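The values are calculated or read from the model by the stated rules, or taken from the named source; none is laboratory data. Not measured: the values here are computed from a predicted model. Glycine also receives a Cβ, built like all others from the backbone with ideal geometry; neighbour counts cover every protein chain displayed.
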Amino acid sequence: MCAVLPPALSRVEIMSNSIEIKNLDLNFGSIEVLQNLNLDVGKGEFLVLLGSSGCGKSTLLNCIAGLLDVTAGQIHINNKNVTWAEPSERGIGMVFQSYALYPQMTVEGNLSFGLKNAKLPKAEIADRVKRAADILQIEPLLKRKPAALSGGQRQRVAIGRALVRDVDVFLFDEPLSNLDAKLRADLRVEIKRLHQKLENTMVYVTHDQIEAMTLADRIAIMRGGKIMQLGTPDEIYGLPMNKYVADFIGSPSMNFIDGSIQNGVFTAGDLAISLTGYEFTSGEAVDGGATLGIRPEHVITGELVSHSPYCIDVEVELIEPTGSDKLIDCQVAGHLFRVRMDGQAQVSVGEVLRLGIDPARASLFDAATEVRL
Amino acid sequence: MTKPPPILLDGPQGPKPRRVLSRRNIFLYGTLLVITLYYAMPLYVMIVTSLKGMPEIRMGNIFSPPMEVTFEPWVKAWSQACTGLTCKGLSTGFWNSVKITIPSVILSIIIASLNGYALANWKFKGANVFFTILIFGAFIPYQVMLYPIVIMLREMGLYGSLGGLVLVHTIFGMPILTLLFRNYFSSLPEELFKAARVDGAGFWGIYFRIMVPMSLPIFTVAIILQVTGIWNDFLFGVVYTGPETYPMTVSLNNIVNSTQGVKEYNINMAATIITGLVPLTIYFVSGRLFVRGIAAGAVKG
Ligand SMILES: Nc1ncnc2c1ncn2[C@@H]1O[C@H](COP(=O)(O)OP(=O)(O)O)[C@@H](O)[C@H]1O
Ligand SMILES: [Mg+2]
């Protein structure tokens, strides 16, 4: 038998804030992209801005970097109001999706460009370039032009360009989106390692939830220029504060069943699930229209069904094996319902399957406001 | 155990053979040949005529090659051909044109590229209004501006001088060149500009260190446009300069159209070729540069 280790202390202990965004508005002419946005990022924190395309993630990042003039509000970096400061004076390094390497300069030239602009002494520049090249293992590439590099190498150089600046805050704008899947996974790990090594603040924009979940200390889910929820990956996944976040996070996405709550029982069609065990945000059960959400991987199947608080029988409509899992499509109360089963489970189409639902692992949202109940 | 190699069956295999003399090829190359002849013929006539003496020309066979090659018409065209008043050939006009073209091309390209860069990357207040006015300028017919500019140049004391004409060419090149540069700079990835700003480069730093090195193709296009346009200009030359400062096109016109004496076709032909030589050279030299610039741009990081 293995002994259980005592729980480790959480690594991130937020001491003070590295970035503070206060009441930020940003308009492009008459288009309001960000409205009254507030966000604090702790020192050494890895914050991921996650959201679908066009929700204002890059815009927010550009505001932090000083590449866009804000319409209203303030931005503080390291307890300094930098709202009007030039990008180079803010103590940030930035990595772009398209790498944005200067094509006519060598890798070395790319790395040292910012340092030369800052008029650093030659020896210092050489030192920093060497150290960055060391960390990122791009020393053999220093004399090459960007055109002679692969995608992964280019992105490393782009990260190196932020690294040599010796700053406390790194901003990443979808740095891995242009890479193929394998490289993306590799570089993701490298970025995480880099963060653990440097312990600096990172704000990382992505639309890929896997990237967000694996990298982040905290995730800010954005939609239409607003932050829908800010929390640790566990909170975002386990306790989504509204239906949008619940739907956005998780793949395959959460099952939703529209119905209503009466006297602590959720009813929809012929379903009647007692909500004992569900923790309402207000502390007590609320009556009225509601949507029940449950993740495919939280539906109980197999032998454990007999222990679950509520059971239903469904007919298997479709099976998608992914190797490690099998995804089952079926109907519950007139809604498509997906269930994740073990890859080894024996099921066939048309078979009747017994499923268990545990309210403790489900989410309930107000039918009108879509806020978590 | 290895499988036996597959046996190829009869019938098509490998690349499909292409016939050199297919109907399509005959049609294509035939058309190209006819068009080439159509354009090359006048040039041929000009060259052979410029190498003949007057007696031979009077015989009337304009297509026949010269029986006796002579370069005298060329020498005369350059240094002795008579315009209305003087007999100094094209040389004065040539050097005037050089003195007009070089500063006009350099000035207009520097200013227009800076304009285009500022418009594309530094969206300053009123940029759109400025741009609209500039583009509107491209559509105003020159004739409308001719006389007002005469007055303006006279007031500035530049009327009749080379400097005045340089100024006029620089200004008139501005709309189209600015448009050209603005569109090119807008097509460069915006993130490069942002990266350079984060790296602490300013307006000039980004222009010289990032933008210009990436813009060889568009600078080449601008040079071709401006050199040929300004070198070939006749209207502004004849209006804004005097006999001493006439550009080459005006000298050429005066030589070809001079009413005294016999028409010396060989000298006229030689003079015309000499005048056209500069734009031709530019096409040949920078055409190759141009292709290289495009190719270099295609593999940009
Ligand atoms: N320069 C601009 N002018 C006008 N609208 C813009 C500009 N840049 C972005 N937008 C708009 O702002 C919104 C947010 O854009 P962005 O921040 O790039 O989204 P993303 O989350 O995909 O990075 C989009 O709707 C986009 O159309
Ligand atoms: Mg974006």
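The table below gives the values:
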read-out: Residues of segment B:191-242 that turn out to be of a type in the set (Asp, Glu) and more than 9 Å from every other protein chain (Cβ to nearest Cβ), as a count; value: 1
read-out: Only listed residue being within 14 Å of another protein chain (Cβ to nearest Cβ), within 16 Å of ligand 1 (Cβ to nearest atom) and either modelled with pLDDT under 95 or not in a helix (DSSP H, G or I) (or both), chosen from A:Ala100, A:Ala85; value: A:Ala100
read-out: Output for segment A:123-159, where each listed residue is surrounded by 14 or more Cβ atoms within 10 Å (Cβ to Cβ), of a type in the set (Gly, Ala, Ser) and within 20 Å of A:Asp186 (Cα to Cα); value: A:Ala132, A:Ala133, A:Gly151, A:Gly152, A:Ala158
read-out: Qualifying residues in segment A:112-131 (those that are more than 14 Å from chain B (Cβ to nearest Cβ) and part of a helix (DSSP H, G or I)) - the one farthest from A:Leu198 (Cα to Cα); value: A:Lys122
read-out: Identity of the residue in segment B:87-118, in contact (Cβ under 8 Å) with a residue 12 or more places away in the chain and outside any helix (DSSP H, G or I), that ends up surrounded by the most Cβ atoms within 10 Å (Cβ to Cβ); value: B:Leu90
read-out: Within segment A:88-101, considering residues that are surrounded by fewer than 23 Cβ atoms within 10 Å (Cβ to Cβ) and without any contact (Cβ under 8 Å) to a residue 60 or more places away in the chain, the one nearest to A:Phe172 (Cα to Cα); value: A:Ser88
read-out: Conditions (1) at pLDDT below 95; (2) away from chain B (no Cβ under 14 Å); number of the one not met by A:Tyr204; value: (1)
read-out: Test for A:Gly56: is it within 16 Å of ligand 2 (Cβ to nearest atom) and on the phi > 0 side of the Ramachandran plot; value: yes
read-out: Count of residues meeting criterion [of a type in the set (A, V, I, L, M, F, W, C), within 15 Å of A:Met105 (Cα to Cα) and within 11 Å of another protein chain (Cβ to nearest Cβ)] in segment A:132-175; value: 5
read-out: Candidates A:Gly238, A:Gly264, A:Gly259, filtered to the one that is surrounded by fewer than 17 Cβ atoms within 10 Å (Cβ to Cβ) and over 24 Å from A:Asp325 (Cβ atoms); value: A:Gly264
read-out: Candidates A:Asn62, A:Asn79, A:Asn27, A:Asn38 - the one that is surrounded by fewer than 23 Cβ atoms within 10 Å (Cβ to Cβ) and on the phi > 0 side of the Ramachandran plot; value: A:Asn79
read-out: In segment A:185-224, the residues that are more than 16 Å from ligand 1 (Cβ to nearest atom) and closer than 20 Å to A:Lys57 by Cα; value: A:Arg188, A:Ile191, A:Thr201, A:Met202, A:Ile210, A:Met213, A:Thr214, A:Leu215, A:Ala216, A:Asp217, A:Arg218
read-out: Residue check, A:Thr71 polar (S, T, N, Q), within 16 Å of ligand 1 (Cβ to nearest atom) and closer than 25 Å to A:Arg188 by Cα; value: no
read-out: Condition check for B:Glu155: away from chain A (no Cβ under 14 Å), acidic (Asp, Glu) and free of Cβ contacts under 8 Å to residues at least 60 places away in the same chain; value: yes
read-out: Odd one out for A:Ala3 among (1) among the aliphatic types (A, V, I, L, M); (2) out of contact with any helix residue (DSSP H, G or I) (no Cβ under 7 Å at 6 or more places or on another chain); (3) assigned by TED's automatic domain parsing to the domain that holds A:Phe96; (4) at pLDDT below 95; value: (3)
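Each row is one residue, and each column tells you yes or no for (1) farther than 20 Å from A:Gly238 by Cα; (2) in contact (Cβ under 8 Å) with a residue 40 or more places away in the chain.
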residue	(1), (2)
A:Ala268	yes, yes
A:Leu271	yes, yes
A:Leu292	no, yes
A:Arg295	no, yes
A:Ile319	yes, no
A:Ala345	yes, yes
A:Leu355	yes, yes
A:Phe365	no, yes
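This table checks each residue for (1) part of a helix (DSSP H, G or I); (2) within 14 Å of A:Ala158 (Cβ to Cβ).
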residue	(1), (2)
A:Phe172	no, yes
A:Ser177	no, yes
A:Val203	no, no
A:Glu211	yes, no
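So that you can scan it fast, the table gives a plain yes or no per residue for (1) charged (D, E, K, R); (2) without any contact (Cβ under 8 Å) to a residue 24 or more places away in the chain:
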position: A:Phe280; (1), (2): no, no
position: A:Ala285; (1), (2): no, no
position: A:Leu304; (1), (2): no, no
position: A:Lys326; (1), (2): yes, yes
position: A:Gln331; (1), (2): no, yes
position: A:Val339; (1), (2): no, no
position: A:Pro359; (1), (2): no, no
position: A:Ala362; (1), (2): no, no
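The rows are residues; the columns are (1) under 24 Å from A:Leu373 (Cα atoms); (2) within 16 Å of ligand 2 (Cβ to nearest atom).
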{"position": "A:Asn178", "(1), (2)": "no, yes"}
{"position": "A:Met202", "(1), (2)": "no, no"}
{"position": "A:Ala212", "(1), (2)": "no, yes"}
{"position": "A:Ala220", "(1), (2)": "yes, yes"}
{"position": "A:Glu235", "(1), (2)": "yes, no"}
{"position": "A:Gly238", "(1), (2)": "yes, no"}
{"position": "A:Asn255", "(1), (2)": "yes, no"}
{"position": "A:Asn263", "(1), (2)": "yes, no"}
{"position": "A:Ala272", "(1), (2)": "yes, no"}
